[in-house]
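Here the structure comes first, spelled out in structure tokens, and everything after it is commentary.
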Amino acid sequence: RGVVGARVEETGLGLTMLRAAFARSSSVIDEKESGNEVVVVSHCFPFLEEGQPTGAAVLLRDVTELRRRDRQLVSKDATIREIHHRVKNNLQTISSLLRLQGRRLGSEEARDALEESVRRIAAIAVVHETLAQSTDGEVAFGEVVRPLVDVVEEGLSSPLCPVEFVVEGD
């Protein structure tokens, strides 16, 4: 419905807002949603003469599309978090299955191969976790490399044969 030039009470968009602006003698902002169809932001500026309101200017802005996009972003964000959670769970499940299989094997060579696979999956999980936590889509190389080096170092080191890696630079 048209609101340009209409009286505030005819629009249904801000009589309460207008009353609040007059009572406070200052501007008031309000947002109204009509079902899921239209969202309007109203900004009421009261005209004061000797401290008393004599009229007002009411600015209206249709923000329906903006709110629709906001809802889409929230939905996409939730979907991305769910996908991240599922990938993380799947990597943990695969890793656990390989460890279980490794315990049943008699061959040292086969056990070593499965342990190497578990380490590789751990490396993938570290990279995935680091990238998933990035808010702006950029990750410093050191943020990925250092945890990877820790995973490798943990897998290769033993009390009999300690190995130490040093990461220098960015």
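The values are calculated or read from the model by the stated rules, or taken from the named source; none is laboratory data. Given the structure is predicted, the values throughout are model-derived calculations rather than measurements. Virtual Cβ from ideal backbone geometry, glycine too; neighbours counted across all protein chains shown. Please note that ligands, DNA and RNA were not included when accessible areas were found on the heavy atoms of the full protein model with its side chains. Shrake-Rupley method; radii C 1.70, N 1.55, O 1.52, S 1.80 Å.
Figures for the structure shown
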| quantity | calculated |
| --- | --- |
| Hits in the stretch 12-50 - residues which are modelled with pLDDT of 85 or more, open to solvent by less than 80 Å² (accessible area, probe 1.4 Å), more than 35 Å from the chain's Cα centre (by Cα) and not aromatic (Phe, Trp, Tyr) | Ala20, Ala21, Ser25, Ser26, Pro46 |
| Residue within the stretch 149-160 that is in a loop (DSSP other than H, G, I, E, B) and either surrounded by 15 or more Cβ atoms within 10 Å (Cβ to Cβ) or modelled with pLDDT of 80 or more (or both) present | yes |
| Residue within the stretch 85-94 that is in contact with a Lys or Arg (Cβ under 6 Å, 6 or more places away or on another chain) and within 30 Å of Gly169 (Cβ to Cβ) present | no |
| Failed condition for Gly137, given (1) open to solvent by 90 Å² or more (accessible area, probe 1.4 Å); (2) outside any helix (DSSP H, G or I) | (1) |
| Breaking point among (1) more than 27 Å from Asp77 (Cβ to Cβ); (2) part of a helix (DSSP H, G or I); (3) within 30 Å of the chain's Cα centre (by Cα), for Asp170 | (2) |
| Failed item, numbered, when Glu82 is tested on (1) acidic (Asp, Glu); (2) at pLDDT 85 or above; (3) over 30 Å from Ala125 (Cα atoms) | (3) |
| Count of residues meeting criterion [among the small types (Gly, Ala, Ser) and surrounded by fewer than 10 Cβ atoms within 10 Å (Cβ to Cβ)] in the stretch 81-106 | 1 |
| Residue that is farthest from the chain's Cα centre (by Cα) [pool: residues in the stretch 53-65 that are closer than 17 Å to Ala20 by Cα and touching a residue at least 12 places away in the same chain (Cβ under 8 Å)] | Pro53 |
| Condition broken by Arg61, with the remaining ones in (1) part of a helix (DSSP H, G or I); (2) in contact with a strand residue (DSSP E or B) (Cβ under 8 Å, 6 or more places away or on another chain) satisfied | (1) |
| Qualifying residue in the stretch 102-110 (condition: under 20 Å from Asp150 (Cα atoms) and not aromatic (Phe, Trp, Tyr)) | no |
